[in-house]
1. In what sequence do M164, M201 fall when counting other Cβ within 10 Å, fewest first?
2. Under a point-charge model restricted to the Cβ atoms of Lys and Arg (+1) and Asp and Glu (-1), what is the dipole moment magnitude of region 239-319 relative to its Cα centre, in debye to the nearest 20?
3. Compactness ratio of region 239-319: Cα Rg over 2.2 N^0.38 Å, N = residue count?
4. In region 98-220, if the dipole is taken from +1 on Lys/Arg beta carbons and -1 on Asp/Glu beta carbons about the Cα centre, which of V218, N99, A159 is farthest to the positive end?
5. Just report the Cα centroid separation between region 162-239 and region 102-144, whole Å.
6. If you average 1/r across every pair of different Cα atoms in region 176-319 and take the reciprocal, what Kirkwood value do you get, in Å?
7. Highest mean first, what order results for 39-48, 228-237, 99-108 on Cβ atoms within 10 Å?
8. Provide L223, L83 in ascending order of the number of other Cβ atoms located within 10 Å of each residue's Cβ, fewest first.
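FYI, it's all coordinate maths here, none of it is from the lab. Because the structure is predicted, anything quoted here is derived from the model rather than measured. Note that we place each Cβ from the backbone using ideal geometry, even for glycine, and neighbour counts take in every protein chain shown.
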Amino acid sequence: ADLTVHFGSRGLIPGFSRPPVKAVNAVSLSLRPGEALGLVGESGSGKSTLGRAILRLGELTSGSVLFDGVDMAHAGAEDIARLRRETALIFQDPYGALNPRMRVGDAIGEVLRVHGKVSADAVEARVHDLLEIVGLGPGFAHHRPGDLSGGQCQRVGIARALAMEPKLVVADECVAALDVSIQGQIINLLMELRTRIGMAMIFIAHDLAIVRRLCDRVAVMYLGRIVEEGPTETVFAAPRHPYTASLIRAIPDIDPDRRLPADPLPGEPPSPLALPPGCAFHPRCSQALAWCRTGAPPPLEGQGPHKAACILPPEAVVL
Ligand code: SF4
Ligand code: MG
């Protein structure tokens, strides 16, 4: 199940176009019902592109994504229609998801009616419930998106997506901008839907602490590739890729007794237009060997569910 997403990229001279850039390259993912996969990495690593491609909302040139036995990448019109009913994307952009003319309560109620998840006379009560859960309260049912702040809009978008009780949700940085207490409530709601309706989730985030709390598995992306994947606790306890280790070291320590300073990874990822030769992470890797600069990019491999794309033996990776 390898997924590749290409982007055409135009040069600066009109009419001159460069070959397509691989924004996401040979990624392979499979998800079980109820499973939560965290997708982490810096901006520009391809996380959002991959998330949209999985739901067939983005360009997809080759590859496949399996969910519950269905190949999302090769779905026909009928399957796509089913995909639209059974999956939801929770946006990073709070305004893009809502119709500006529709009252918030109607926008959420519409979803409940179309998807038939609750009886007609229960719609209003469920709308109020959902608004309560995302920390807005029933009073907001009468507002229009234009009356709301960005954070409030975002919460309406979340309520609307979850009203569908989707089988698979892709949540792209969906709680990053919110208050910690609202974050907690929304995370609880996501967890509740996982157990109650078996909703699977791809949770795209910068915040590794939330991923650790919420996700069974984690996949780490760097420049369009997955460089490490495995059960969340295993990956956090003993990362096998120096990039993952650096992301973990960059988590601010909230335990006051161990006040180690967060140690951010220096530098920016290079442009996907000019991938470094060898291991694409080598210019920023504190453990790079001479070989890493010239050899073939290491494949994602490992025994069992924990895999990494690094030539170092697992025990050599420094956390
Ligand atoms: Fe670092 Fe080399 Fe491993 Fe790449 S292959 S992550 S450069 S040690
Ligand atoms: Mg993004």
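1. Sorted ascending by nearby Cβ count, the order is M164, M201.
2. For this selection, approximately 180 debye.
3. Ratio of Cα Rg to 2.2 N^0.38 Å: 1.21.
4. Toward the positive end, the furthest listed residue is V218.
5. Here the two parts' Cα centres lie 24 Å apart.
6. 16.7
7. Result, highest mean Cβ count within 10 Å first: 39-48, 228-237, 99-108.
8. L83, L223
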